[in-house]
Amino acid sequence: MSTPGVKLTMDGAELEVAPGTTLLEAARAAGLWIPTLCFDDRLAPFGACRICLVGVEGAKGPVASCTTEARAGMVVETQHALSRRIARNVVELVLSELPVPPAPHTELAQVAQRLGLDPTAGPAAARWAGVTHEPQLDHRHPYLALQHELCISCGRCVRACDEVQGAFALTAVGRGFHANIAAGLGAGFAESSCVSCGACADTCPTDAISERLLFDLAAAPDHRGAAR
Amino acid sequence: MSRNLIELLTRFDAGAGAPTALDVLKQAVDDHGEVTDDDRRRAAELSGLPEATVHGVSTYYDDLTQPRGARHVRVCTGTACWAASGSDAHVAAAVAALGVGLGCRSDDGALSLGETVCLGFCHTAPAFRDGETVDAGPGALDRIVAGHALPAVEPEWESTLAEPVLIRPGDFSGLRQALAGLTPEQLLAEVQGATLRGRGGAGFPAGQKWSFVARNPAPPAEKFIVVNGDEGDPGSYIDKYLMEQNPALLLEGMALAGFAVGAARGFIYCRSEYPRSKPALEAAIARAVSAGELGENILGSGFSFHVEVREGAGSYVVGEETALLASLQGLRGVVSARPPFPAERGYHGKPTVVNNVETLCNVPFIARHGAAAYCELSPGATPGSKLICLNERFVRPGVYEVRFGTPLREICERLGGGLKDGAPIKALQIGGPLGGILPGSLLDTAFDFAALAAEGCMLGHGGIVAFDDATDMRALARHLLRFGAHESCGKCFPCRVGLTRALELVEADAPVDRGRLEELLETLEVASLCAHGGGMPAPIRSLIRHWPAELGVA
């Protein structure tokens, strides 16, 4: 006996999903695109990036689709104008905090582009430009490079290390604008419980954590030295 | 909140009473002035958390990150202390007089100066803290510089009700009555019937929160009552008054909550900024336990309820309930997306009621007199009564218990006696830093949820900070956004970056582009994960609306 599904309307189409399905999962299953940065379907929803906003009829305002479960009778609009405008603003804020534009192949650059922003424009081009993160390269591990200034605190690496690998080698550090990530007690991957699985680099949407082989091919020579 | 970390903690703590990582780190700072890697390793070992997780905790809280000398002096940068001079003059004076920069330690390690928000001595601002002594008001800095800090006077308190609900020493009579004459279901029905709204700011019906936990079949040992005593709003000292001057009333309310929902254990999370709260609460717990009013088999009823006090370490956002639960368990005090709600997965992943201090202090009255009597207290307005507090600018600052719906004019003029030296009230900030700012011309507004919302303000937690006519509103915007950016937990993107950008806009020595500022505020309001990022725009919106020229928007 199967559990009865939840019927809802998304972008005008009737959908039926399993109870507990989030609006983001429902949209993806229906082939609809919703922007995300902190989401990775291997990890529990986190609700940090706030760009997966959608419109729900009767709701006070846009809701985060990654942490909102589908309920019977919901009428959802994934292309909701206010949600998209706000999502674009949030990504513009994120681009403004990086000292350099994200590499074109990164998820951040691609999401920005798809939202109509120019990811190559640099932080000063943002409508809300200001202080950016100080470049800090941690190059001490043989396989993993960590460029702290590219970290957008999405928590994907920390959660991958926790939920996928169970190594608990990573943590969020600091708070507010100065939030970042660290391995172990802050002395880098090599001095932590890291097992070099690469799950963090794999999920990182900005290449703040990257595999050394790829990093060494791409890195500019003036980027070396600093450690955290 | 990571389920794996909570699972690790829960297993490790089972029956053993393990300290939290945060407690171990706080102890290290008290002991030798800073957190070292050895302390982090030790905290990991004692709490059962991974080392990296503990490292993250040690970088989150103000108390753990500010350098400390042998003597640590703190200056309050809350809004009441700011309003006392309309500037941070007291901060500059402390830096000059002590010869140590803010957030710095002297070269010989003898003295350090830190910033703290807020010490809750808003009735006699500006406030300073030297070690465990809070000194405030005229002459406080001179005394501290001379090394003779005096404990500041506590505020006056007064009720305007014939039979006070909150300003009445707790005597456990409501608990006695409930245990003798009511079933848990009947007590829950009374609290629901009283439509007791949360007093921490959001106004969510407490009875509804309780009902979610009550209907959970978990045994009493696996349900929790958590008291949110993290009264972080600069300008508020309501919960401070309750926790320090009337702790028995809170304990009685907690036990009643435990009885109604079937929970056997409770925690009070109080603030390190209020050094007197934890000792006052622990003394009251000891008194209640020895009187049989708390602990095993309370008053021979068969109902048992145990209370423990834990103290924070300096973070405003920890006042949000999911962040509070994280901090209570020794983790970084960051917000988690809901669902799951604490009623479903709270402390140790178990069903948990999280209520504000003042909310629970209403329950003894409801248990004694019933829902109907409670609803009659504020005719035509929100049921019950409310504590408010007034800042140092008023002639008679203090804690007052008022009926909902009382006009602000009555609060400010009759109770508060107007401002010192007859100064006109330029504006009021009501309900904390996330509350809108009401011009002095709108004092006829009623003090209640809906009436304040109509003016872009909120009742919030009930702190009222008056600004006199010398106040520069652009400087006020800078003061508020500086607090907002500093306190952002850093989890959600709009708040993490947006509040810093908003601060940069008002800090710049240039007119603020109104459209750009408003779109940023809208982004914060719509997209932020919690009320911090979502609420910080409210006072800025008020300033744009009522004082656009002073704010310098164009």
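Counting only other residues whose beta carbon sits under 12 Å from that of residue B:10, what net charge do I get with K and R as +1, D and E as -1?
Working: positive: B:3, B:11, B:345, B:350; negative: B:7, B:13, B:222.
Every neighbour counted, the sum reads +1.
With no solvent and one point per C-alpha, what does the Debye sum give as log10 I(q)/I(0) for chain B at q = 0.07 Å⁻¹?
For chain B, the Cα-only Debye profile gives -0.38.
Quick test of the membrane-span-like rule: which DSSP H helices of chain B reach at least 18 Å along their long axis (C-alpha atoms) with mean Kyte hydropathy at least -1.0?
Details: long enough: B:247-261 (21 Å, 1.69); B:277-290 (20 Å, 0.46); B:473-487 (21 Å, -0.15); B:493-507 (21 Å, 0.55); B:514-527 (19 Å, -0.21).
Span-like helices, by this rule, are B:247-261, B:277-290, B:473-487, B:493-507, B:514-527.
Can you compute the FRET efficiency between residue B:299 and residue B:212 using 1/(1 + (r/R0)^6), with r the Cβ-Cβ distance and R0 = 22 Å? Round to the nearest 0.05.
Details: r = 27 Å, r/R0 = 1.24.
Approximately 0.20, to the nearest 0.05.
If you average the C-alpha positions of segment B:478-515 and of segment B:60-113 separately, how far apart do those two centres end up, in angstrom?
22
Do the sum for chain A: with -39,500 (n - 2.57) for every DSSP H run of n ≥ 4, divided by all residues, what is the mean residue ellipticity at 222 nm, to the nearest 500 deg cm²/dmol?
Numbers: 6 runs with 48 residues, N = 228.
Value at 222 nm, helices only, nearest 500: -5500 deg cm²/dmol.
With n ≥ 4 as the cut-off for DSSP H runs, can you work out [θ] at 222 nm for chain B, using -39500 (n - 2.57) per run divided by the number of residues, rounded to the nearest 500?
Numbers: 24 runs with 228 residues, N = 554.
Rounded to the nearest 500, it is -12000 deg cm²/dmol.
Can you pull the one-decimal nm distance between simple spin-label points at residue B:376 and residue A:3, each 7 Å off the Cα toward Cβ?
According to this spin-label approximation, the distance is 4.8 nm.
Sticking to Cα atoms, compute the Rg of chain A to one decimal and its Dmax as the biggest Cα-Cα distance, whole number, in Å.
Cα radius of gyration and Dmax of chain A are 19.0, 63 Å respectively.
Bin width 10 Å, alpha-carbon pairs only: give the P(r) of segment B:166-282 as whole percents, running from 0 to the bin holding the largest distance.
13, 42, 36, 9, 0
Sticking with the crude label model, points 7 Å out along Cα→Cβ, report the distance from residue B:202 to residue A:134 in nm, one decimal please.
3.7
So what are segment A:6-80's ellipsoid semi-axes, whole angstrom, largest first, if each one is the square root of 5 times an eigenvalue of the alpha-carbon gyration tensor?
Numbers: eigenvalues 62, 38, 24 Å².
Semi-axes, largest first: 18, 14, 11 Å.
Under a point-charge model restricted to the Cβ atoms of Lys and Arg (+1) and Asp and Glu (-1), what is the dipole moment magnitude of chain A relative to its Cα centre, in debye to the nearest 20? Let's see the in-between values first.
Numbers: 18 positive and 24 negative charges, 86 e Å.
Magnitude of the dipole: close to 420 debye.
Determine the shielding of peptide A:158-170 by partner chains: average, over its residues, the number of Cβ atoms on other chains within 10 angstrom of each Cβ. Could the numbers behind the result be given before it?
Values: counts 4, 2, 0, 2, 7, 3, 0, 0, 2, 2, 10, 4, 5.
Average per residue, whole number: 3.
Among residues other than residue B:528 whose Cβ falls under 14 Å from its Cβ, what is the net charge (Lys/Arg +1, Asp/Glu -1)?
Numbers: positive: A:50, A:60, B:338, B:491, B:496, B:501; negative: B:320, B:487, B:522, B:525.
So the surrounding residues net to +2.
Helix A:81-97 versus the longest principal axis of chain A: what is the Cα-based angle in degrees, 0 to 90, to the nearest 10?
So the helix axis and the longest Cα principal axis differ by about 10 degrees.
Only Cα pairs under 8 Å and at least 6 apart count here; give the relative contact order of segment A:137-219 as a rounded whole percent.
On the way: 137 pairs, mean separation 30.2, N = 83.
Reported as a whole number, the value is 36 percent.
So for segment B:372-517, taking the charge dipole from beta-carbon charges (+1 Lys/Arg, -1 Asp/Glu), which of B:446, B:398, B:479 sits furthest toward the positive end?
Result: B:479, furthest along the dipole toward the positive end.
I'd like the Karplus ³J(HN,Hα) series for segment B:60-73: coefficients 6.51, -1.76, 1.60, θ = phi - 60°, whole numbers in Hz, and an x wherever there's a Gly or Pro.
9, 8, 3, 5, 9, 10, 7, x, 10, x, 4, 10, 10, 9
Is there a quick way to get the dipole size of segment A:6-80? I mean about its Cα centre, with the Cβ of Lys and Arg at +1 and of Asp and Glu at -1; what is the value in debye to the nearest 20?
Charge dipole of segment A:6-80: 200 debye, to the nearest 20.
Rg and Dmax of the protein assembly as shown, Cα atoms, in Å?
25.8, 79
State the answer as a single residue: which of B:205, B:99, B:148 lies farthest towards the positive end of the charge dipole of segment B:80-205, with beta carbon charges of +1 for Lys and Arg and -1 for Asp and Glu, about the Cα centre.
Going by the Cα projections, it comes out as B:205.
What is the dipole size for segment B:3-59, taken about its Cα centre, with +1 at each Lys and Arg Cβ and -1 at each Asp and Glu Cβ, in debye to the nearest 20?
Values: 6 positive and 11 negative charges, 56 e Å.
Dipole about the Cα centre, nearest 20: 260 debye.
How large is the translational diffusion coefficient of segment A:137-219 in µm² per second when you combine the Kirkwood radius over alpha carbon pairs with Stokes-Einstein at 20 °C and 1.002 mPa s? Working shown, then result.
Numbers: Rh = 12.4 Å.
It comes out at roughly 173 µm²/s.
What is the sum of charges, Lys and Arg at +1 and Asp and Glu at -1, for the other residues whose Cβ falls under 11 Å from the Cβ of residue B:350? It would help to have the intermediate numbers written out before the result.
Values: positive: B:223, B:265, B:345; negative: B:222, B:344.
Net local charge, residue B:350 excluded: +1.
Taking a quarter of the surface of the convex hull around the Cα atoms of segment B:3-59, what do you get in nm²?
Approximately 3.6 nm², given one-decimal rounding.
Mind pulling the per residue volume of the convex hull built on the Cα atoms of segment B:1-141? Å³ is fine.
128
Counting only pairs 8 or more places apart or on different chains, how many lysine pairs in chain B have C-alpha atoms closer than 17 Å? Don't skip to the end; give the middle numbers.
On the way: B:26/B:278; B:209/B:223; B:209/B:350; B:223/B:350; B:240/B:278; B:240/B:386.
Pairs that pass both the separation and distance tests number 6.
Let me check I have the definition right: for segment B:410-554, take the eigenvalues of the Cα gyration tensor, multiply each by 5, take square roots. What are those semi-axes in whole Å, largest first? Please list the in-between numbers first.
Details: eigenvalues 134, 62, 32 Å².
So the three semi-axes of segment B:410-554 are 26, 18, 13 Å.
Of B:340, B:506, A:23, which is farthest on the positive side of the dipole of the protein assembly as shown, counting Cα position, with +1 on Lys and Arg Cβ, -1 on Asp and Glu Cβ, and the Cα centre as origin?
A:23
Taking the alpha-carbon centroid of each part, what is the distance from segment A:143-184 to segment A:90-121 in angstrom?
20
Need the full-extension length gain, residue B:95 to residue B:516, defined as separation in residues times 0.36 nm minus the C-alpha distance. One decimal, nm.
Numbers: separation 421, 0.36 × 421 = 151.56 nm, distance 3.56 nm.
Working it through step by step, the gained length comes to 148.0 nm.
Once the Cα gyration tensor of segment B:219-322 is found, what semi-axes does its equivalent ellipsoid get, as square roots of 5 times the eigenvalues, in whole Å, sorted largest first? Mind dumping the intermediate values first?
Details: eigenvalues 120, 47, 20 Å².
Listed largest to smallest, the semi-axes of segment B:219-322 are 24, 15, 10 Å.
Show me the GluC sites (Glu not before Pro) within segment A:72-110 that DSSP assigns to loop and that have at most 12 other Cβ atoms within 10 Å of their Cβ.
Numbers: sites: A:77, A:92, A:97, A:107; in loops: none.
Passing sites in segment A:72-110 do not exist.
Since every read-out is calculated from the coordinates, none of them should be taken as a lab result. Owing to the predicted nature of the structure, the values given are computational and were not obtained by experimental measurement. All Cβ positions, even for glycine, are placed from backbone atoms using ideal geometry, and neighbour counts span all protein chains on display.
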